[in-house]
Amino acid sequence: MLPFYERLEEYSKDQSISVRTMNEMGNHSYWHFHQEIEIIFTDGGSGKCIVGDYLGHYQPNELVIAGSFLPHDFNYADDNDKTNMTLIHFNPKLVGGILEFAPIRSLLDSARYGLSFRNIPPNLVAQIKSLEALEPARRVIGVFELLATLASRVDQGSRLSSIDFSPNAMDDRSGRRLNAVVEHITANQHRPIAVDEMATLCNLSVPAFCRWFKQVFQCSFVAYMTERRIEQACRLLETSDLSVSAIGDQVGFESYSNFNRAFTKMKQVPPREYRRATV
């Protein structure tokens, strides 16, 4: 399973820092990454988590900082386990330029590999849980106060992913290129997309684009598109009344035979059998 790039504008329109709570039953997560730094505070529920190349368990009263472009996923223990999470997203550029933020920048540098703090004290828990209800300016101040507190306790944090894990090595130019690529794929996924089309979009030669894409996504462009199309097809097979051939066409396969072959190779069953087993 490859990580999906997630655009977070829907959570962060008209605000520099997004804070939202999740109070849900069941498992609705997926392995993803994004430009924004994410703070995940677990107030209730437990389960497995993947952060970079780390695979382990999270517990109540744990806070994890996932650095920019670091793939991560939090899976709840079971469908009867109620989750209580506070999610904070912000662009890493927010902490640049202010001399007094040097400890915070050091904290976030450590978070490139994921950083876990367990047994968060009650006063900090109360501070985190109050953030969403604050008016925007005070919310920004509250998040920076939280970061300053964590920076002062960075020695209590545990690195999650190994230092050998470096999935993306992003700079600003590469980040903008990634945004353009994902937007183009999302808008045109219903049709075949050639590698040379993507290379032209990025102002790169085809070999240079292929090298860059594999560095970012840890797979080839063709492999990424195939898996993305198959995962979308799975959702349509589970939730729509479209015919199997129509689904293959809608997710961008040129023929039913290509769709059936690619789906069977990835899921070990043909799409018709997959639908019968999941509906």
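Using the average count of surrounding beta-carbon atoms within 10 Å as a protection proxy, the listed peptides 210-221, 265-276 rank, highest first, as 210-221, 265-276.
Pairs of Lys residues in the chain are counted when their Cα atoms are under 24 angstrom apart and they lie 8 or more places apart or on different chains; the count is 8. Just so you know, the Cα atoms of the stretch 129-279 work out to an Rg and Dmax of 21.3, 59 Å. Between 0 and 90 degrees, the angle of helix 172-188 with respect to the longest Cα principal axis of the chain falls at about 40 degrees.
When the chain is treated as a Gaussian network with alpha carbon springs shorter than 10 Å, the biggest mean-square fluctuation among ALA199, ALA126, ALA262 belongs to ALA126. Cα axis of helix 221-239 to longest principal axis of the chain: angle in degrees, 0 to 90, nearest 10? The angle comes out near 90 degrees. Axis angle, to the nearest 10 degrees, between helix 256-267 and the longest C-alpha principal axis of the chain: 40 degrees. Highest mean packing comes first when the peptides 245-254, 38-47 are listed by Cβ atoms within 10 Å, giving 38-47, 245-254.
Read-outs throughout are calculated quantities, based only on the coordinates presented, and are distinct from any laboratory measurement. Worth saying up front: this structure is predicted, and the values here are computed from it rather than measured. Every residue, glycine as well, gets a Cβ built from its backbone with ideal geometry; the counts of neighbours run over all protein chains shown.
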